[in-house]
Amino acid sequence: MEYILKLTLAAMSSRVFTDIFQIAGVLGASGPLRGKDLNQMPTIQNGYLVVEDGEIADCGLMENCNYRGESLPHNTIVLPAWCDSHTHLVFAESRENEFVQKIKGASYAEIAAAGGGILNSAKKIEQYSEDQLFLLAWKRLEEIALLGTGAVEIKSGYGLSFDGELKMLKVIQRLKEKSNLIIKSTFLGAHAFPQEYRNNHGPYIQMLIHDLLPVIAREKLADYVDTFCEKGFFSPEEMETVCNAAAAFGLKPKLHVNQLNSIGAIQTGIRLDAISLDHLETVTDKDISDLGNFKGISTLLPSAAFFLRMNMPPARKLIESNAAVALATDYNPGSSPSGNMNFVVSLACIQMKMLPEEALNAATINGAFAMEIDKQAGSVSVSKKANLIFTKPIPSINYIPYSFGQNVIDKVMIKGEFI
Ligand code: NIG
Ligand code: FE
């Protein structure tokens with residue numbers, strides 16, 4: 001009876017995949033993976049998978065399979081779609097001129113001090129309409145979905161004015177409404193000080209807190225708050241002021257810390273109960289041990305370090321200290337003009353010596369925890385969204401980071417539909 005029922009269900013509204021070489025990331029994690037657990041990636045060898053109403057309805061070993069379905073090509077691996085928990089993918093124009101300036105010797109800080117960098121992007125945001133920005137960002141979303149990303153966090157932070165920040169957040173809101181990807185929105189008004197506030201921070205911070213935050217909260221335009229805590233940008237005290245004001249509106253922090261300098265941002269972020277502390281290229285031994293005791297996520301962005309020719313964040317030391325490490329792209333025009341999580345996973349293994357399973361978990365389930373979507377995404381588990389990567393025939397999951405710069409993805413499924 002049960003057998004017939006299952007067959008009927010399968011015929012009606014679901015898709016069944018059989019003879020799957022490997023299903024990777026079959027785990028129900030109650031918390032982010034840390035320490036030795038980061039290397040545990042439960043895998044079904046020769047399995048089946050049932051997708052129903054956009055969700056994972058069942059999966060298991062072929063020997064227990066009661067369904068008839070589509071047999072997948074030999075050596076196909078199915079894994080959870082990437083969860084990219086840190087991007088700035090709403091922007092107006094690329095900045096390849098700065099890229100060339102850097103090749104000729106200019107530093108990131110020098111370019112920023114000369115009105116380039118974030119302020120350059122802010123000028124451009126002002127000149128573009130909401131519709132134009134939406135179309136550009138929509139294309140980028142389509143692009144990253146084809147690269148296997150099923151969930152993404154997107155920040156404002158190139159508006160840097162009342163109107164500019166609202167424009168960006170409205171674009172993100174429209175992306176959320178129209179896209180099948182899971183999207184989280186972060187208010188990053190505290191990304192840089194506009195030129196006129198360079199030596200007079202107070203009024204800009206007051207504008208963020210008193211003018212913008214109430215509107216953002218009323219129109220539900222953000223899930224999180226972020227600040228760029230860095231020398232020449234926001235101090236730990238300024239970050240705390242912005243985060244405390246945002247907390248009163250229910251926005252939890254996900255923060256840019258320790259990209260260029262260690263100035264106490266990690267300790268402040270931990271005190272603020274951040275969901276995630278991101279970047280971490282420049283950390284002391286004390287910072288590393290504090291992150292080991294931090295209950296949130298330590299998000300590493302190796303493609304930004306790669307692009308800026310900086311030292312990679314110390315992933316091994318962080319994992320050994322018990323930090324919950326996630327990987328994200330930082331997709332933005334200045335420090336990581338790529339939203340390719342496959343490349344990030346490769347860089348994590350090649351340059352930070354993460355093991356393939358560690359990198360895959362960091363790019364999926366721990367990324368999901370960094371967006372608080374661990375009940376919907378990040379693993380192949382019953383009742384989660386069917387956001388899945390189907391690979392081309394490959395010998396093992398180790399081949400995914402190994403074959404850097406090549407595309408191992410055959411198909412991507414978002415909410416049960418192949419794109
Ligand atoms: O995450 N570090 C601050 N913000 C971005 C870069 C922004 C930009 O250069 O446009 C980052 O790297
Ligand atoms: Fe960033």
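Annotations for the structure displayed:
- Every pair of residues 6+ apart whose Cβ atoms lie under 7 Å, when the first sits in the stretch 278-299 and is closer than 22 Å to residue 341 by Cα and more than 16 Å from ligand 1 (Cβ to nearest atom) while the second is of a type outside the set (Asp, Glu) and open to solvent by 20 Å² or more (accessible area, probe 1.4 Å): 296/275
- Residue check, residue 160 touching a residue at least 40 places away in the same chain (Cβ under 8 Å) and within 16 Å of the chain's Cα centre (by Cα): no
- Remark: pairs (first residue in the stretch 91-102, more than 10 Å from residue 335 (Cβ to Cβ) and in contact (Cβ under 8 Å) with a residue 12 or more places away in the chain; second residue away from ligand 1 (no atom under 11 Å from the Cβ) and among the hydroxyl-bearing types (Ser, Thr, Tyr); Cβ separation under 7 Å; 6+ apart in sequence or on different chains) = 92/128.
- Taken over the stretch 381-418, the criterion of being farther than 19 Å from residue 73 by Cα and of a type in the set (Val, Ile, Thr) is satisfied by 382, 414.
- Residue 30 meets each of the listed conditions (1) under 29 Å from the mean Cα position of the chain (by Cα); (2) modelled with pLDDT of 95 or more apart from (2).
- Under the condition of being outside any helix (DSSP H, G or I) and either surrounded by fewer than 17 Cβ atoms within 10 Å (Cβ to Cβ) or among the small types (Gly, Ala, Ser) (or both), the residues counted in the stretch 129-147 number 1.
- Boolean, residue 108 is surrounded by 17 or more Cβ atoms within 10 Å (Cβ to Cβ), more than 13 Å from ligand 1 (Cβ to nearest atom) and either without any contact (Cβ under 8 Å) to a residue 40 or more places away in the chain or under 14 Å from residue 308 (Cβ atoms) (or both): no
- Matching residues, the stretch 148-158, being touching a strand residue (DSSP E or B) at 6+ places or on another chain (Cβ under 7 Å) and either in a loop (DSSP other than H, G, I, E, B) or farther than 16 Å from residue 117 by Cβ (or both): 148, 149, 150, 151, 152, 153, 154, 156, 157
- Residue 74 vs. criteria assigned to a loop (DSSP other than H, G, I, E, B) and more than 23 Å from the chain's Cα centre (by Cα): yes
- Residue list for the stretch 211-235, filter: away from ligand 1 (no atom under 13 Å from the Cβ) and either of a type in the set (A, V, I, L, M) or surrounded by 20 or more Cβ atoms within 10 Å (Cβ to Cβ) (or both): 212, 213, 215, 216, 217, 221, 222, 223, 224, 225
- Extreme residue, farthest from the chain's Cα centre (by Cα), among residues of the stretch 239-261 that are within 15 Å of ligand 1 (Cβ to nearest atom) and open to solvent by 30 Å² or more (accessible area, probe 1.4 Å): 261
The values are calculated or read from the model by the stated rules, or taken from the named source; none is laboratory data. All values reported here derive from a predicted model rather than from experimental measurement. Note that each Cβ is placed from the backbone with ideal geometry, even for glycine, and that neighbours are counted across all protein chains shown. Heavy atoms of the whole protein, side chains included, go into the accessibility calculation; ligands, DNA and RNA do not. Shrake-Rupley method; radii C 1.70, N 1.55, O 1.52, S 1.80 Å.
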